[in-house]
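Following: one structure in structure tokens, then a few remarks.
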Amino acid sequence: MIQIFTTGGTIDKVYFDANSEFEVGHSLLPELLSESNIHEGYRLRELMRKDSLEMNDEDRHRILEAARECDCDRIVITHGTDTMADTAAVLAGLKDKTIVLTGAMQPARMRRTDAVFNVGFAWAAVQLLPAGVYIAMNGEVFEAGAVRKNLQAQRFERT
């Protein structure tokens, strides 16, 4: 069984035309999993709905506690990309579980999104990687504490 925690971020953003802005909405993760033909073998739990730039130490501690208390050895966390590396570093102390964070550069509700690919990639990665904390984005896996988001290139890279 794989535990999936959602925290918000771009992957779950909705465009509100009246405000001309994006806000975090209900997670599309059940639809993304179904679209990837993943129908069982997981539990889904929403931890929060936040843009990762709005996350603070208390939020990261909440994610850490949820992962620590989880009875599953394999965990996927959807997260905003801007501070994903920060949360991964906080989780890095959990040595007995395989934890994979993923997200999207474009909202899942948009036609051109990397969300479906990233979710499927994280699903595979969490099953194949040894215990540890990782970021799985755009076809690459990075270890927690050795990754950063390159804002100009809109990708993750090793530090």
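The values are calculated or read from the model by the stated rules, or taken from the named source; none is laboratory data. A quick note: this is a predicted structure, and the numbers were derived from the prediction, not measured. Heads up, the Cβs are rebuilt from the backbone with ideal geometry, glycines too, and the neighbour counts pull from every protein chain shown. The area values use the complete protein model at the heavy-atom level, side chains included, leaving out ligands, DNA and RNA. Shrake-Rupley method; radii C 1.70, N 1.55, O 1.52, S 1.80 Å.
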On the accessible surface of segment 24-159, probed at 1.4 Å with all protein chains in place, carbon and sulfur together account for a percent value of 46 percent
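Please give the contour-minus-distance gain from residue 71 to residue 89: 0.36 nm per residue of separation, less the Cα-Cα distance, rounded to one decimal in nm. Could you put the intermediate results ahead of the total?
Values: separation 18, 0.36 × 18 = 6.48 nm, distance 2.10 nm.
Length difference between fully extended and current span is 4.4 nm.
At 1.4 Å probe size, put 157, 46, 58 in order of accessible surface, largest to smallest.
Details: 157 40, 46 90, 58 145 Å².
These residues rank, largest area first, as 58, 46, 157.
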Counting only protein heavy atoms and rolling a 1.4 Å probe, one gets per residue an accessible area for segment 1-115 in Å² of 50 Å²
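For the chain, what is the percent of antiparallel DSSP beta bridges, rounded to the nearest 5? Could you put the intermediate results ahead of the total?
Working: 12 of 32 bridges.
Bridges in the chain that DSSP calls antiparallel: roughly 40 percent.
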With every protein chain kept in place and a 1.4 Å probe, the residues 117, 5 fall, from largest accessible area down, as 117, 5
With -39,500 (n - 2.57) per DSSP H segment of 4 or more residues and division by the full residue count of the chain, the 222 nm estimate, nearest 500 deg cm²/dmol, is -8000 deg cm²/dmol
Taking a straight Cα-to-Cα line shorter than 19 Å from residue 50, and setting aside same-chain lysines fewer than 8 residues away, one finds 13, 149
Residues whose built amide H sits under 5 Å from the amide H of residue 132, excluding neighbours closer than 5 in sequence, are 97, 98, 99
If amide H atoms are modeled at 1.01 Å from N in the peptide plane, then the residues at a separation of 5 or more from residue 156, or on another chain, having amide H under 5 Å from its own are 150
The set of residues whose placed amide H lies less than 5 Å from the amide H of residue 50, leaving out same-chain residues fewer than 5 positions away, is 8, 9
Compactness summary of the chain: radius of gyration and Dmax from Cα atoms, Å, are 14.3, 46
Taking N as the residue count of segment 66-159, its alpha carbon Rg divided by 2.2 N^0.38 Å gives 1.02
The local net charge around residue 47, scoring Lys/Arg +1 and Asp/Glu -1 for residues other than residue 47 whose Cβ lies under 10 Å from its Cβ, equals +1
